[in-house]
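Peer 1: Got a structure for you, questions after.
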Amino acid sequence: MTDLLAGKVALVLGGDAVGDAVGQGLSRLGAMVFRKVAETSGSADLVVIPVVDPGGLTPMPLAEMDEAEWIRRCEAPLGAVRTALQEAHAVLTERGGGRIVLLVPTISMIGAADFAPFSAVGEGARSLAKAAARGWGAQGITVNCLALTQEQLAPGIEGTVTETRVPPALATPDLENDVAGFIATLAVGPAVVTGTTMMLDGGNLMSV
Amino acid sequence: MLSGKTVLLTGASQGVGKGMALAAAAAGASVVITARNLDAAESVAQEIRSVGGRALALRCDVTDRGEVEAMVAATLQEFGRLDALVHNATSRFSGRGARLDKVTDEDWNDQIAVGMRATFHCAQAALPALKATGGSFIILTSNAGIEGSLPLPVYSAIKGAQRGLTKSLAREWGPDGVRVNAIAPVAMTPAMGKFFDAQPEMRGYIESGAALRRVGDPQADIGPVLNFLIGPDSSFITGQTLLVNGGATMV
């Protein structure tokens with residue numbers, strides 16, 4: 001397992017601490033991990049795009065939000081996903097294809113009061129990923145989303161949103177070992193899955 | 001069904017918006033038709049008045065916060081209440097196809113402004129009035145926001161984002177009695193008509209993909225669903241996306 005990604009180049013675009021943790025996990029699995037396109041030689045096998053809330057998952061009613069905050073917490077991160085996907089396409093096509101994995105929030109899939117902008121980002125990112133999956137499959141690129149809980153996407157946060165009222169079936173996967181390990185299996189496995197969202201929340205949400 | 005209610009629609013001078021406006025008026029609502037082109041909005045308002053309905057036409061650029069607030073204020077001044085704001089307006093670039101790697105900043109920024117910024121403006125501007133009536137905020141989304149569209153990635157992103165917004169605002173505003181839902185229609189519009197004129201074979205292709213073997217009519221097929229969402233029979237429905245597509249997509 002430790003050499004699963006030997007010889008692979010992984011680009012983790014953004015995501016702050018989430019990106020750092022996943023990058024460390026991929027590195028321990030043998031990948032050469034970069035955090036910026038400019039650090040690579042212009043090509044990669046795997047691109048991970050964490051979709052995180054610039055507001056640190058701080059709740060705010062929409063009625064109290066000014067336009068600048070709306071742009072910061074909705075339009076800017078959604079635009080960053082678009083940019084990251086376009087950068088991913090460029091570096092993966094250099095190698096004849098590869099894998100793109102977005103890390104998206106589960107709260108956007110079921111809705112969460114006081115998190116409207118980030119919910120929009122999460123669902124927008126998933127739809128954008130599907131469009132990319134359809135468009136880039138012929139170029140050997142798969143695009144999938146892994147859905148994570150608020151605690152996974154904002155480590156250290158005290159849960160302000162209860163995703164469901166039912167406890168998860170399993171322990172919540174951690175970023176560095178479990179999530180990175182799952183990404184690695186997508187990276188080396190056959191290219192048969194694309195345009196999907198897989199729940200990596202320990203079996204919490206099962207309605208989607 | 002909608003007697004005594006006031007419904008405001010953005011982007012309502014043609015296509016699905018116009019069809020929904022006519023249907024709401026036929027159901028007894030006072031209707032506010034807004035569009036970038038006032039003459040086009042007024043044409044729809046006249047059509048409603050010609051059969052005894054109540055309608056007001058307003059020019060509104062939904063990307064401008066001041067115009068959106070003025071639109072709501074004018075509605076309240078004219079009709080005294082707001083029971084539903086239906087955000088249907090889309091960017092003039094929304095039908096311009098390009099694979100994601102070819103999408104330009106211009107395409108992205110214009111569509112975001114109408115799709116996302118405008119939704120934000122409309123939601124904030126309408127909330128106080130909707131709280132007063134226990135009304136509804138309704139967003140027109142698309143199958144592209146559910147399944148992704150190869151030639152329309154930006155449109156897909158926005159329509160998906162609007163679904164996320166629908167769910168969260170439904171949870172946020174529910175305690176205040178305001179419902180938030182989305183409609184994902186497939187209906188004949190001027191843009192679709194032009195598309196079929198240019199590629200006649202596509203009409204048959206799209207119709208054959210629907211279980212009901214046809215493309216919807218904005219007034220006859222989409223309008224009643226809007227009326228249902230605004231009216232009392234849907235009072236326990238919120239946070240949902242209703243797919244009104246003849247069975248083209250089933251989730």
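The values are calculated or read from the model by the stated rules, or taken from the named source; none is laboratory data. Bear in mind the structure is a predicted one, so any value in this text is a computation, not a measurement. Glycine also receives a Cβ, built like all others from the backbone with ideal geometry; neighbour counts cover every protein chain displayed. These area figures cover heavy atoms from the full protein model, side chains too; ligands, DNA and RNA do not enter into them. Shrake-Rupley method; radii C 1.70, N 1.55, O 1.52, S 1.80 Å.
Peer 1: Conditions first: (1) open to solvent by less than 20 Å² (accessible area, probe 1.4 Å); (2) more than 14 Å from chain B (Cβ to nearest Cβ). Residue A:32 passes all but one, so which condition is the exception?
Peer 2: Of (1) open to solvent by less than 20 Å² (accessible area, probe 1.4 Å); (2) more than 14 Å from chain B (Cβ to nearest Cβ), only one is false for residue A:32: (1).
Peer 1: Might you check whether a residue that is surrounded by fewer than 23 Cβ atoms within 10 Å (Cβ to Cβ) and under 15 Å from residue B:10 (Cβ atoms) occurs anywhere in the stretch B:93-101? Working first, answer last.
Peer 2: We begin by selecting, within the stretch B:93-101, every residue surrounded by fewer than 23 Cβ atoms within 10 Å (Cβ to Cβ); these are B:93-99, B:101.
Those left that are additionally under 15 Å from residue B:10 (Cβ atoms): B:94.
Yes, that holds for at least one residue.
Let's see how each residue does on (1) more than 14 Å from chain A (Cβ to nearest Cβ); (2) in contact with a strand residue (DSSP E or B) (Cβ under 9 Å, 6 or more places away or on another chain); (3) hydrophobic (A, V, I, L, M, F, W, C):
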{"site": "B:14", "(1), (2), (3)": "yes, yes, no"}
{"site": "B:21", "(1), (2), (3)": "yes, yes, yes"}
{"site": "B:28", "(1), (2), (3)": "yes, no, no"}
{"site": "B:34", "(1), (2), (3)": "yes, yes, no"}
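Peer 1: Would you please name the residue that is nearest to the other protein chains (Cβ to nearest Cβ), looking only at residues in the stretch A:89-108 that are outside any strand (DSSP E or B) and buried (at least 24 other Cβ atoms within 10 Å of the Cβ)?
Peer 2: So the first thing to find is which residues in the stretch A:89-108 are outside any strand (DSSP E or B), and the list is A:89-97, A:106-108.
From the residues that got through so far, the ones that are buried (at least 24 other Cβ atoms within 10 Å of the Cβ) too are A:92, A:106-108.
On the way: A:92: 10, A:106: 11, A:107: 8, A:108: 5 Å.
Across the stretch A:89-108, the extreme among qualifying residues is A:108.
Peer 1: Which members of the stretch B:133-172 meet the condition of being of a type in the set (A, V, I, L, M) and part of a helix (DSSP H, G or I)?
Peer 2: Kept after step one, since they are of a type in the set (A, V, I, L, M), are these residues of the stretch B:133-172: B:138-140, B:144, B:146, B:150, B:152, B:154, B:157-158, B:161, B:165, B:169-170.
B:144, B:146, B:154, B:157, B:158, B:161, B:165, B:169, B:170 - these are the residues of the stretch B:133-172 that are of a type in the set (A, V, I, L, M) and part of a helix (DSSP H, G or I).
Peer 1: From A:106, A:149, which residue is touching a Leu at 6+ places or on another chain (Cβ under 6 Å) and more than 28 Å from residue A:43 (Cβ to Cβ)? Before the answer, list the steps.
Peer 2: Working: A:149 fails: touching a Leu at 6+ places or on another chain (Cβ under 6 Å).
Testing whether each residue is touching a Leu at 6+ places or on another chain (Cβ under 6 Å) and more than 28 Å from residue A:43 (Cβ to Cβ) leaves just A:106.
Peer 1: Also, I was wondering about something else. If you check residue B:163 against the conditions, is it basic (Lys, Arg), out of contact with any helix residue (DSSP H, G or I) (no Cβ under 6 Å at 6 or more places or on another chain), at negative phi and at pLDDT 95 or above? Explain how you work it out, then say what you get.
Peer 2: Working: basic (Lys, Arg): yes; out of contact with any helix residue (DSSP H, G or I) (no Cβ under 6 Å at 6 or more places or on another chain): no; at negative phi: yes; at pLDDT 95 or above: yes.
No, not satisfied.
Peer 1: Could you pull out the residue among B:230, B:183, B:222 that is within 17 Å of residue B:88 (Cβ to Cβ), among the hydrophobic types (A, V, I, L, M, F, W, C) and touching a Gly at 6+ places or on another chain (Cβ under 7 Å)?
Peer 2: Details: B:230 fails: touching a Gly at 6+ places or on another chain (Cβ under 7 Å); B:183 fails: touching a Gly at 6+ places or on another chain (Cβ under 7 Å).
The unique qualifying residue is B:222.
Peer 1: Kindly indicate the residue of the stretch A:109-150 that is crowded, with 24+ Cβ neighbours inside 10 Å and among the basic types (Lys, Arg) and also farthest from the other protein chains (Cβ to nearest Cβ) among those meeting that condition.
Peer 2: Top of the filtered list is A:126.
Peer 1: Which of the residues spanning the stretch B:36-56 are of a type outside the set (Gly, Ala, Ser) and in contact with a strand residue (DSSP E or B) (Cβ under 9 Å, 6 or more places away or on another chain)? Walk me through how you get there before you give the answer.
Peer 2: Quick first cut of the stretch B:36-56, residues of a type outside the set (Gly, Ala, Ser) only: B:36-39, B:42, B:44, B:46-49, B:51, B:54, B:56.
Matches in the stretch B:36-56: B:36, B:37, B:38, B:39, B:42, B:44, B:46, B:47, B:48, B:49, B:54, B:56.
Peer 1: Kindly list, by first and then second residue, each pair from a residue in the stretch A:126-141 that is at positive phi to a residue that is surrounded by fewer than 24 Cβ atoms within 10 Å (Cβ to Cβ), limited to pairs with Cβ atoms under 6 Å and residues at least 6 apart or on different chains.
Peer 2: A:140/A:96; A:140/A:97
Peer 1: So which residues in the stretch B:69-90 are farther than 16 Å from residue B:17 by Cβ and not in a loop (DSSP other than H, G, I, E, B), if there are any at all?
Peer 2: Going through the stretch B:69-90, the residues farther than 16 Å from residue B:17 by Cβ turn out to be B:69-70, B:72-74, B:76-83.
Correct list: B:69, B:70, B:72, B:73, B:74, B:76, B:77, B:78, B:79.
Peer 1: Do you know which residues across the stretch B:102-123 are part of a helix (DSSP H, G or I) and open to solvent by 20 Å² or more (accessible area, probe 1.4 Å)? Before the answer, list the steps.
Peer 2: At the first step, the residues of the stretch B:102-123 found to be part of a helix (DSSP H, G or I) are B:102, B:105-123.
Answer for the stretch B:102-123, where residues must be part of a helix (DSSP H, G or I) and open to solvent by 20 Å² or more (accessible area, probe 1.4 Å): B:102, B:105, B:106, B:109, B:110, B:113, B:117.
Peer 1: Just for the stretch B:223-251: of the residues that are among the β-branched types (Val, Ile, Thr) and open to solvent by less than 40 Å² (accessible area, probe 1.4 Å), which one is farthest from residue B:171 (Cα to Cα)?
Peer 2: Within the stretch B:223-251, the subset among the β-branched types (Val, Ile, Thr) is B:225, B:230, B:237-238, B:241, B:244, B:249, B:251.
The next check asks that each one be open to solvent by less than 40 Å² (accessible area, probe 1.4 Å); those that pass are B:225, B:230, B:241, B:244, B:249.
Values: B:225: 22, B:230: 18, B:241: 14, B:244: 23, B:249: 26 Å.
Only one residue fits best here, namely B:249.
Peer 1: Only residues that are in contact (Cβ under 8 Å) with a residue 24 or more places away in the chain and exposed (fewer than 15 other Cβ atoms within 10 Å of the Cβ): list them for the stretch B:31-50, please. Working first, answer last.
Peer 2: From the stretch B:31-50, those in contact (Cβ under 8 Å) with a residue 24 or more places away in the chain are B:31-37, B:40-41, B:43-44, B:47-48; that's our starting set.
The one that is in contact (Cβ under 8 Å) with a residue 24 or more places away in the chain and exposed (fewer than 15 other Cβ atoms within 10 Å of the Cβ): B:37.
Peer 1: Criterion first (within 14 Å of chain A (Cβ to nearest Cβ), modelled with pLDDT of 95 or more, open to solvent by less than 40 Å² (accessible area, probe 1.4 Å) and out of contact with any Gly (no Cβ under 6 Å at 6 or more places or on another chain)) does residue B:170 satisfy it? Spell out how you get there, then give the answer.
Peer 2: Working: within 14 Å of chain A (Cβ to nearest Cβ): yes; modelled with pLDDT of 95 or more: yes; open to solvent by less than 40 Å² (accessible area, probe 1.4 Å): yes; out of contact with any Gly (no Cβ under 6 Å at 6 or more places or on another chain): no.
Criteria not met by residue B:170.
Peer 1: With under 26 Å from residue A:119 (Cα atoms) and surrounded by 21 or more Cβ atoms within 10 Å (Cβ to Cβ) as the only criterion, which of A:25, A:19, A:15 stands out?
Peer 2: On the way: A:25 fails: under 26 Å from residue A:119 (Cα atoms); A:19 fails: surrounded by 21 or more Cβ atoms within 10 Å (Cβ to Cβ).
Exactly one of A:25, A:19, A:15 is under 26 Å from residue A:119 (Cα atoms) and surrounded by 21 or more Cβ atoms within 10 Å (Cβ to Cβ), namely A:15.
Peer 1: Name the residue that is farthest from the other protein chains (Cβ to nearest Cβ), counting only residues in the stretch B:124-150 that are surrounded by fewer than 23 Cβ atoms within 10 Å (Cβ to Cβ) and within 20 Å of residue A:83 (Cβ to Cβ).
Peer 2: Applying the filter and picking the extreme gives B:149.
Peer 1: State which residue is modelled with the lowest pLDDT when the search covers only the stretch A:148-207 and only residues that are among the polar types (S, T, N, Q) and touching a strand residue (DSSP E or B) at 6+ places or on another chain (Cβ under 7 Å).
Peer 2: Of all residues in the stretch A:148-207, those among the polar types (S, T, N, Q) come to A:149-150, A:152, A:160, A:162, A:164, A:172, A:177, A:185, A:194, A:196-197, A:204, A:207.
Now narrow it down to the ones that are touching a strand residue (DSSP E or B) at 6+ places or on another chain (Cβ under 7 Å): A:150, A:194, A:196-197.
Working: A:150: 85, A:194: 97, A:196: 96, A:197: 97.
Residue satisfying both the conditions and the ranking: A:150.
Peer 1: Filtering the stretch A:39-75 down to residues that are within 11 Å of chain B (Cβ to nearest Cβ) and assigned to a loop (DSSP other than H, G, I, E, B), which residue is most open to solvent (accessible area, probe 1.4 Å)? Talk me through it step by step, then tell me what you get.
Peer 2: Taking the stretch A:39-75 and keeping what is within 11 Å of chain B (Cβ to nearest Cβ), we get A:59-67, A:69-71, A:73-75.
Now narrow it down to the ones that are assigned to a loop (DSSP other than H, G, I, E, B): A:59-61, A:65-66.
Working: A:59: 62, A:60: 52, A:61: 38, A:65: 7, A:66: 91 Å².
Once the filter is applied, the top-ranked residue is A:66.
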